[in-house]
Amino acid sequence: MKVLEKINKVFSIILKVIMVLLFAWMIIAVTMQVFGRYIFNTGFPWTEETARYCMIWLVFLGAAYITINNDHIKVTAIEDLFKGVSKRIINIIQDIAALIFVSTILYYSFGAIKITMMSVSANTGLNMGIIYLVFPIAAILLIYGYVYRLIKNILLIKNASEKEEGGKQI
């Protein structure tokens, strides 16, 4: 488990750096567009497009980051009805459902990349396959995050049941 926690820290740091760089570039591109339009009466055609692509990457990498760190905002009305092992089982069911959904995204993302590799964006000339590459990258990171959470919850259930058994034998 400690190895996975170290991997989480590495992934978190890498994702933070990438997200900060993407956000910074997005701000620079939008600022250039605003100044270009109001000062020079003409915009840079590539700035809007690159800002949009940065936002897409930010959303998906951000989802991976918050999944790896278990920081998702969620409604816990049903989950709060349960305590202890029952609550962990509910979390496991939620993570399995999310894992199935993300695995589906991963599966279909390869077909989308294959199709988009044949086209380029209008203003930047960037291969659209590069933009769509965020889907499998984020899906793999999300799968890792959900598997990590599953392992953690299963180990917590196992430890709780071992403590209960230990307490009954005394």
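The values are calculated or read from the model by the stated rules, or taken from the named source; none is laboratory data. Please read all numbers here as calculations on a predicted model, not as lab measurements. Here Cβ is always computed from backbone atoms with ideal geometry, including for glycine, and neighbour counts include all displayed protein chains. The area values use the complete protein model at the heavy-atom level, side chains included, leaving out ligands, DNA and RNA. Shrake-Rupley method; radii C 1.70, N 1.55, O 1.52, S 1.80 Å.
Take the stretch 63-86 and flag every residue that is farther than 22 Å from residue 9 by Cβ and in a helix (DSSP H, G or I). Correct list: 79, 80, 81, 84, 85, 86. In the stretch 120-131, is there at least one residue being over 29 Å from residue 5 (Cα atoms), open to solvent by 30 Å² or more (accessible area, probe 1.4 Å), out of contact with any helix residue (DSSP H, G or I) (no Cβ under 6 Å at 6 or more places or on another chain) and in a helix (DSSP H, G or I)? Looking for residues that are over 29 Å from residue 5 (Cα atoms), open to solvent by 30 Å² or more (accessible area, probe 1.4 Å), out of contact with any helix residue (DSSP H, G or I) (no Cβ under 6 Å at 6 or more places or on another chain) and in a helix (DSSP H, G or I), one finds at least one in the stretch 120-131, hence yes. Checking the structure you have, find out if any residue of the stretch 12-21 is in contact with a helix residue (DSSP H, G or I) (Cβ under 7 Å, 6 or more places away or on another chain), of a type in the set (Gly, Ala, Ser) and over 30 Å from residue 120 (Cβ atoms). Scanning the stretch 12-21 turns up at least one residue that is in contact with a helix residue (DSSP H, G or I) (Cβ under 7 Å, 6 or more places away or on another chain), of a type in the set (Gly, Ala, Ser) and over 30 Å from residue 120 (Cβ atoms). Restricting attention to the stretch 24-49 and to residues that are among the hydroxyl-bearing types (Ser, Thr, Tyr), open to solvent by 30 Å² or more (accessible area, probe 1.4 Å) and in a helix (DSSP H, G or I), the residue that is farthest from residue 145 (Cα to Cα) turns out to be 38. Considering only the stretch 54-103, state which residues are farther than 29 Å from residue 26 by Cα, without any contact (Cβ under 8 Å) to a residue 40 or more places away in the chain and open to solvent by less than 30 Å² (accessible area, probe 1.4 Å). Passing the criteria: only 79. If you take the residues of the stretch 14-53 that are without any contact (Cβ under 8 Å) to a residue 12 or more places away in the chain and among the polar types (S, T, N, Q), which of them is nearest to residue 66 (Cα to Cα)? Result: 31. Every listed requirement among (1) within 27 Å of residue 6 (Cβ to Cβ); (2) surrounded by 17 or more Cβ atoms within 10 Å (Cβ to Cβ); (3) of a type in the set (S, T, N, Q) is met by residue 109 save one, (1). Are any of the residues in the stretch 161-170 on the phi < 0 side of the Ramachandran plot and at pLDDT 90 or above? No, the stretch 161-170 contains no residue that is on the phi < 0 side of the Ramachandran plot and at pLDDT 90 or above. Annotation note: of 157, 89, the sole residue that is farther than 25 Å from residue 9 by Cα, modelled with pLDDT under 95, of a type outside the set (Ser, Thr, Tyr) and part of a helix (DSSP H, G or I) is 89.
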